[in-house]
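In what follows, a structure is listed as structure tokens, so that the remarks can point back to it.
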Amino acid sequence: MSAEVINGKELAAELKLAMKEEVSELKEKGLTPHLTVVLVGDDPASKSYVNGKKKASKETGISSDIIELPTSTTETELLQLIDKLNHDQAIHGILVQLPLPEHIKEQSVIEAIDPQKDVDGFHPINIGRMMAGKDTFLPCTPFGIITMLKSRDIQIEGRHAVIIGRSNIVGKPVGQLLLNENATVTYCHSRTKGLQSFTKNADILIVAVGKANAIHAEDIKEDAVVIDVGINRVEDGTLTGDVDFEQAKEKASYITPVPRGVGPMTITMLLKNTIKAAKGLEN
Ligand code: NAD
């Protein structure tokens, strides 16, 4: 039987509607969530991501602004700007679009953002809070993945989740979130030997590799839940994920497509984090 396709675009639209209501209630109480996005340089992909974030904020009533800085901006100048934003009471969420120009150390910038305003969830304090299972800003893509699983009441507890990919923004945190939900988690990566022996045992398979057609139907278990995080531009210019979707959907129980899968959920979770930042974290 063909898998149920979890449409991230539709789910994101539903979530944004609910958030719009929440934002309007906050505004009535005099609190307008505000997101400031900092863009350094003129990378076209980064520009388009940043504009997408501004558009999505507007849809939910969250106010936002984009601070555009030239590529020549020094690390000290960027850190000074972050310090100013940290102290601005009207700004609840700060996001510095990555990647940064090579002369700026990304980790220094991530660590300079006030953890209470770190809506990307990349600050080590927030990563630590996530590991401890405390209230925090969850990194947006992993948060989106968990939200997709929960939207279909997919059982996580006690199931074997296999993650392919161990990046700091996707692989590592999504494994931690699944562990927090009581899954048994296996991480695979570029040095894993015998990848298929792991993927074939996955009840939940998260694929975040960044290579088109890295995973085929023969790599997955019958009725597995398959979440495809990859975004790859193929020769004809279209976008595709890491999983051979057409084949895999005949074997999986649930599957996410690319596009209209995890991608639209990522921005939506950023908005959720911005609302959370406006309300403040619980201890
Ligand atoms: P990354 O390049 O930092 O990490 C890729 C991971 O894949 C690495 O940990 C590496 O060890 C592993 N890997 C590479 N080749 C492998 C192989 N042959 N077998 C097993 N593992 C292998 O990438 P990332 O930032 O985690 O992103 C992964 C993909 O997800 C990319 O396509 C990216 O564009 C996409 N992405 C999508 C979203 C979204 O919102 N949908 C967000 C972030 C990233």
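The values are calculated or read from the model by the stated rules, or taken from the named source; none is laboratory data. Small disclaimer: the values here were computed from a predicted structure and weren't measured. Quick reminder, even Gly has a Cβ in these numbers, built from the backbone with ideal geometry, and neighbours come from all protein chains shown. Surface accessibility is based on the protein's heavy atoms, side chains included, excluding ligands, DNA and RNA. Shrake-Rupley method; radii C 1.70, N 1.55, O 1.52, S 1.80 Å.
Given the structure, is Lys47 basic (Lys, Arg) and more than 21 Å from Leu271 (Cα to Cα)?
no
Out of all the residues in the stretch 238-264, which are open to solvent by 40 Å² or more (accessible area, probe 1.4 Å), farther than 26 Å from Pro139 by Cα and either free of Cβ contacts under 8 Å to residues at least 24 places away in the same chain or not basic (Lys, Arg) (or both)?
Thr238, Glu246, Gln247, Glu250
Exactly one condition in (1) surrounded by 13 or more Cβ atoms within 10 Å (Cβ to Cβ); (2) within 18 Å of the chain's Cα centre (by Cα); (3) without any contact (Cβ under 8 Å) to a residue 60 or more places away in the chain is not met by Pro99; state its number.
Status for Pro99: all satisfied but (1).
Kindly evaluate Ile113 against the criterion of being surrounded by 20 or more Cβ atoms within 10 Å (Cβ to Cβ) and under 21 Å from Lys272 (Cα atoms).
yes
Collect the residues in the stretch 17-46 that are outside any loop (DSSP other than H, G, I, E, B) and either touching a Leu at 6+ places or on another chain (Cβ under 7 Å) or open to solvent by less than 40 Å² (accessible area, probe 1.4 Å) (or both), keeping them in residue-number order. Steps first, please.
If we filter the stretch 17-46 for residues that are outside any loop (DSSP other than H, G, I, E, B), which is where we start, we get 17-28, 34-40, 44-46.
Matches in the stretch 17-46: Met19, Val23, Leu26, His34, Leu35, Thr36, Val37, Val38, Leu39, Val40, Ser46.
Which residues, taken from the stretch 239-263, are assigned to a strand (DSSP E or B) and either more than 14 Å from the ligand (Cβ to nearest atom) or under 16 Å from the mean Cα position of the chain (by Cα) (or both)?
Residues of the stretch 239-263 that are assigned to a strand (DSSP E or B), as a first pass: 239-240, 243, 254-255.
The answer is Tyr254, Ile255.
Collect the residues in the stretch 35-58 that are in contact (Cβ under 8 Å) with a residue 40 or more places away in the chain and over 19 Å from the mean Cα position of the chain (by Cα), keeping them in residue-number order.
Listed by number, the residues that qualify are Val40, Gly41, Asp43.
Hey, can you tell me all the residues within the stretch 217-229 that are within 21 Å of the chain's Cα centre (by Cα) and either surrounded by fewer than 18 Cβ atoms within 10 Å (Cβ to Cβ) or away from the ligand (no atom under 11 Å from the Cβ) (or both)?
Correct list: Val225, Val226.
Condition (residue is of a type outside the set (Lys, Arg), within 14 Å of the ligand (Cβ to nearest atom) and over 30 Å from Thr36 (Cβ atoms)) applied to the stretch 230-237: is it met by at least one residue?
We begin by selecting, within the stretch 230-237, every residue of a type outside the set (Lys, Arg); these are 230-232, 234-237.
Now narrow it down to the ones that are within 14 Å of the ligand (Cβ to nearest atom): 230-232, 234.
So of that shortlist, the ones also over 30 Å from Thr36 (Cβ atoms) come out as 232, 234.
Scanning the stretch 230-237 turns up at least one residue that is of a type outside the set (Lys, Arg), within 14 Å of the ligand (Cβ to nearest atom) and over 30 Å from Thr36 (Cβ atoms).
Tally the residues that are among the hydroxyl-bearing types (Ser, Thr, Tyr) and either away from the ligand (no atom under 16 Å from the Cβ) or out of contact with any helix residue (DSSP H, G or I) (no Cβ under 9 Å at 6 or more places or on another chain) (or both), restricting the search to the stretch 264-283.
1
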